[in-house]
1. Taking amide H positions as placed 1.01 Å from N in the peptide plane, with prolines and chain starts having none, which residues 5 or more places from residue 49, or on another chain, fall under 5 Å of its amide H?
2. Say each of residue 32 and residue 108 gets a label point 7 Å from the Cα, pointing the same way as Cα to Cβ; how far apart are those two points in nm?
3. At a 1.4 Å probe radius, carbon and sulfur cover how many percent of the accessible area of segment 92-144?
4. Enumerate the amide H contacts of residue 23 below 5 Å, restricted to partners 5 or more residues apart or on another chain; note that Pro and chain-start residues carry no placed amide H.
5. For residue 131 and residue 83, calculate 0.36 nm times their separation in residues minus their Cα-Cα distance, and state this gained length in nm to one decimal.
6. Can you sort 110, 39 by solvent-accessible area, 1.4 Å probe, largest first?
7. What does the accessible area of residue 89 come to, in Å² to the nearest 10, when a probe of 1.4 Å is used?
8. Quick one: net charge around residue 129, please, counting Lys, Arg +1 and Asp, Glu -1 for every other residue with C-beta under 12 Å from its C-beta.
Amino acid sequence: MKHGGGNVLKKRQGGVVDVSPDVLTAREAAKYLRLALPTFYRYMWEGKIPSSKIGGRYRFKKSLLDKWLGKAPEGEAVSGRNKLVGTVSAIKRDKIMAQINLDVGEHKITAVITRDALDALGLKVGDKAVALIKATEVMVIKER
């Protein structure tokens with residue numbers, strides 16, 4: 001069962017328990033790490049895998065397991081120099097495409113995205129947004 005906030009309600013004896021999707025049982029964590037359950041437990045008991053006890057049972061945060069695997073946390077795989085934070089100053093939309101103007105300090109960035117993407121982002125004039133610059137794109141700059 002789904003519950004507000006992305007949490008999952010699991011039926012347990014004696015009631016329903018609210019469980020975060022980032023918190024895994026030992027069996028779920030072993031499967032996530034692609035380890036046999038006995039190997040997983042051995043690593044856990046040796047202190048190699050981060051765990052906590054909740055209600056007398058071991059639980060594992062997915063984000064800590066990702067760190068143990070050496071995965072970069074979401075959003076950190078992109079260099080800070082490729083992100084420009086600004087304020088949405090104008091939005092032009094038609095049936096298929098949308099143009100977003102972003103004020104970044106004294107500079108203005110214009111991006112063209114699909115209307116579906118605009119709707120999914122829920123952007124409005126005045127919102128803070130991030131322009132992500134991809135190396136495969138070309139920008140034209142005229143010196144002032």
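The values are calculated or read from the model by the stated rules, or taken from the named source; none is laboratory data. A quick note: this is a predicted structure, and the numbers were derived from the prediction, not measured. Counting neighbours? That spans all protein chains shown, and the Cβs are built from the backbone with ideal geometry, glycine included. Remember, those area values only see protein heavy atoms, side chains included, never the ligands or the DNA or RNA. Shrake-Rupley method; radii C 1.70, N 1.55, O 1.52, S 1.80 Å.
1. Residues meeting the amide H criterion: 44.
2. Taking the two extended label points, one gets 4.6 nm.
3. Ligands and nucleic acids excluded, carbon and sulfur reach 57 percent.
4. Correct list: 62.
5. Answer, rounded to one decimal: 16.7 nm.
6. In descending accessible area the options line up as 110, 39.
7. 50 Å²
8. Charge balance near residue 129 sits at +1.
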